[in-house]
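Before any comments, here is the structure.
Values quoted throughout were computed directly from the atomic coordinates according to the rules given, and no laboratory measurement underlies them. Just so you know, these numbers come straight off a predicted model, no measurement behind them.
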Amino acid sequence: YDQELPVEERQPACVLTCPAHARMFGDFDDPDSAVSRTVRERGGFPLMPELNYNPTNTYLPPRSRPVIPVDTKPKGGLKESIKQFANRLVRR
């Protein structure tokens, strides 16, 4: 890689451009590296260790989604919703 790049940009293109930010890159030999800490904290595991391939890739289990409170009771029904929407449009 280019030694002139800032440290935070010294990543493979696949890591930098992953739209889901699902890839990480780092030094597993350094226990204080970001990738080592993440694998340790999230319980990373190798894929099919029974095959004894010892891959460098480590997989992270999915994170649980946060519970988002949702108001399940309708506020006045469809007629009231349309009325409120129209009032907002007129105010503009």
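A few remarks follow.
- The alpha carbons of the chain occupy a box of 63, 40, 22 Å along the principal axes, longest dimension given first.
- Computed from Cα positions, the angle between helix 77-91 and the longest principal axis of the chain comes to roughly 90 degrees.
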